[in-house]
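Rule-based calculations on the coordinates, nothing more; no lab input. Bear in mind that the values here come from a model prediction, so they are computed numbers and not experimental data. With ideal geometry, Cβ positions are generated from the backbone for all residues, glycine too; neighbour counts draw on all protein chains shown.
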There are 2 protein chains.
Amino acid sequence: MLISELSRRSGVPIATIKYYLREGLLPPGEATAATRAEYDDLHLGRLRLIRALVEVGNLPLAAIRRILGAVDNEDLDVHGLLGTAQYALGPKVDPPEDEEWQETSDQVDAFLADLGWRVTSFAPARKMLTQALVTLRRLGMPAGADQLRPYAGAAETLAREEIGRIDTSAPRSALVEGVVVGTVLYEPVLIALCRLAQEHQSALRFAPPRS
Amino acid sequence: MLISELSRRSGVPIATIKYYLREGLLPPGEATAATRAEYDDLHLGRLRLIRALVEVGNLPLAAIRRILGAVDNEDLDVHGLLGTAQYALGPKVDPPEDEEWQETSDQVDAFLADLGWRVTSFAPARKMLTQALVTLRRLGMPAGADQLRPYAGAAETLAREEIGRIDTSAPRSALVEGVVVGTVLYEPVLIALCRLAQEHQSALRFAPPRS
């Protein structure tokens, strides 16, 4: 298909497609004339993925580049592949490296060790967790192991399901693509369902139906 | 305390405190002279809350204003109070109102009705969920009731715990403040733990320890 049809079918403006081509996010089409190129379903799929990462993931260009690189790089083993993709999602946290941070970071390490979870020392999610806990404590909100345990339990149940569902007979690129898109898009799904469930539980507790 | 001490103890620059005062986010201190005012622990607590909403919640000024208004408004009942605060958190989704959106929105409604959850028709989280599902489907990712059910189950378990934990004997303002801060700050906690759990489950499945 020509770039005009690619634009129509993907819903991405031609100028944006040309930008992705220039930035190397989208591989070039097959040139059929000096100013004409043919695109195929692979371009369409990749374009939809980029669009999801931009519009839903709100990811900066550098993270999108790293994720697409991991999608294309067949040298990484499955665990390394998933890790590279997930770590590219960030978030980029610059720890203040003060005493409060260090103390909380140590508690996060102890909590994860206690759960027996195998995660690297440089996983971005460690810092993400530490940052939230530092702020909770600064606000005087309880944020110890007792508070974290229900969240860790829910997270472990979901992760077992998510990782168990991965079909390793699928092409490795499709597999990573699916996991990245799934991670970026299922986080808002989970958050949305948590908020809806809170409203429901609040209704049950504080606004029982009149009988 | 003077504004200089308030700044030191909260970690918020004096210029930012003055900006919050001008915007009415922070109530004025008690004037002790033409250019001098005394602040107290209430100011310190409110400042820490605003800071958390800005830095951790990444919330725009309008949302912060609505949340602080709900914190201060004693006329709302508990369920309405929690709802106002949660809805102020957004997200603000502008639905395209096309056929694809409408179809997915209907499926969200049917899914929630099936769960028996009591949520208003205008809950922002409905649109948040619809938006994520529209994108998932556009990318050809499975996103039906079968995929959603584990997330809904985890969300319900957590929400029961969160809402059950609310101490209704606490002052209503502290209660709302706690719930808002808890919502804004425990979402990144949950997401961080989900990512760490995924890494652990991926390690278990794809990188078993050598024996």
Once you charge only the Cβ atoms, +1 for Lys and Arg and -1 for Asp and Glu, what is the size of the charge dipole of the range A:138-180 about its Cα centre, to the nearest 20 debye? 140
Whose amide H sits under 5 Å from the amide H of B:GLU38, counting only residues 5 or more places off or on another chain, with H placed in the peptide plane? B:GLU30, B:ALA31, B:THR32
Tell me the distances, shortest first, between A:ASN58 and the same position across the other copies, using label points 7 Å along Cα→Cβ, in nm to one decimal. 0.4
Pairing the Cα long axis of helix A:124-138 with the longest principal axis of chain A, what angle in degrees results, from 0 to 90 and rounded to the nearest 10? 40
Using the 10 angstrom Cβ neighbour count as an exposure proxy, how do A:ARG66, B:ARG165 rank, fewest first? B:ARG165, A:ARG66
Give the residue list of GluC sites (Glu not before Pro) in the range A:1-109 that are DSSP loop and have at most 16 other beta-carbon atoms within 10 angstrom. A:GLU23, A:GLU74, A:GLU97
To the nearest 20 Debye, how big is the dipole of the protein assembly as shown about its Cα centre, given +1 on the beta carbon of each Lys and Arg and -1 on that of each Asp and Glu? 420
Report, for A:TYR19, each distance to the same residue's label point in the other copies, shortest first and in nm; define the point 7 Å along Cα→Cβ. 2.7
Could you go through the range A:102-113 in sequence order and give the Karplus-derived ³J(HN,Hα) for each residue, using 6.51 cos²θ - 1.76 cosθ + 1.60 with θ = phi - 60°, rounded to whole Hz, and x for Gly and Pro? 4, 4, 5, 4, 5, 5, 5, 4, 5, 4, 5, 5
Average partner chain C-beta neighbours within 10 Å, per residue of B:79-85? 4
A:HIS43, B:HIS79 arranged by Cβ crowding within 10 Å, fewest neighbours leading: B:HIS79, A:HIS43
Please report which chain B residue places its beta carbon nearest the axis carrying chain B onto chain A, with the distance rounded to a whole angstrom. B:ALA154, 2
Just checking the output field for B:138-145: average partner chain Cβ neighbours within 10 Å of each residue's Cβ? 4
The answer for the net charge of residues other than A:ALA155 whose Cβ lies under 12 angstrom from its Cβ, with Lys and Arg +1 and Asp and Glu -1, is -2
Using the count of nearby Cβ atoms within 10 Å as a rough guide to exposure, how do B:THR183, A:THR32 rank from fewest to most? A:THR32, B:THR183
How high is the relative contact order of chain B, in percent, counting Cα pairs under 8 Å that sit 6 or more residues apart? 19
The range B:24-93: relative contact order from alpha carbon pairs under 8 Å, six or more residues apart, as a whole percent, is 23
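If you place +1 on the Cβ of every Lys and Arg, -1 on the Cβ of every Asp and Glu, and leave all else neutral, what size is the dipole of chain A about its Cα centre, to the nearest 20 Debye?
Using only the charged Cβ atoms, the result is roughly 840 debye.
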With angles folded into 0 to 90 degrees, how steeply does helix A:145-164 sit against the dominant principal axis of chain A? Use alpha carbons for both and round to 10. 30
Residues meeting the amide H criterion for A:LEU26 (H placed from the backbone, H to H distance under 5 Å, 5 or more places apart or on another chain) are A:LEU21
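If chain A were replaced by its equivalent ellipsoid, with semi-axes equal to the square roots of 5 times the Cα gyration tensor eigenvalues, what would those be, largest first, whole Å?
The equivalent ellipsoid of chain A has semi-axes of 39, 23, 17 Å.
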Give the separation of the Cα centroids, the range A:97-136 to the range B:108-162, in Å. 30
Across the Cα atoms of the protein assembly as shown, what radius of gyration and what greatest pairwise Cα-Cα distance (Dmax) are found, in Å? 23.5, 79
With no solvent and one point per C-alpha, what does the Debye sum give as log10 I(q)/I(0) for the range A:1-108 at q = 0.12, 0.22 Å⁻¹? -0.54, -1.18
Options B:LEU89, B:ILE67, B:LEU42, ranked by Cα towards positive dipole end of the range B:10-106, top entry (Cβ charges): B:LEU42
If packing is taken as the average count of other Cβ atoms within 10 Å, what order do B:106-118, A:121-133, B:188-200 fall into, highest mean first? B:188-200, A:121-133, B:106-118
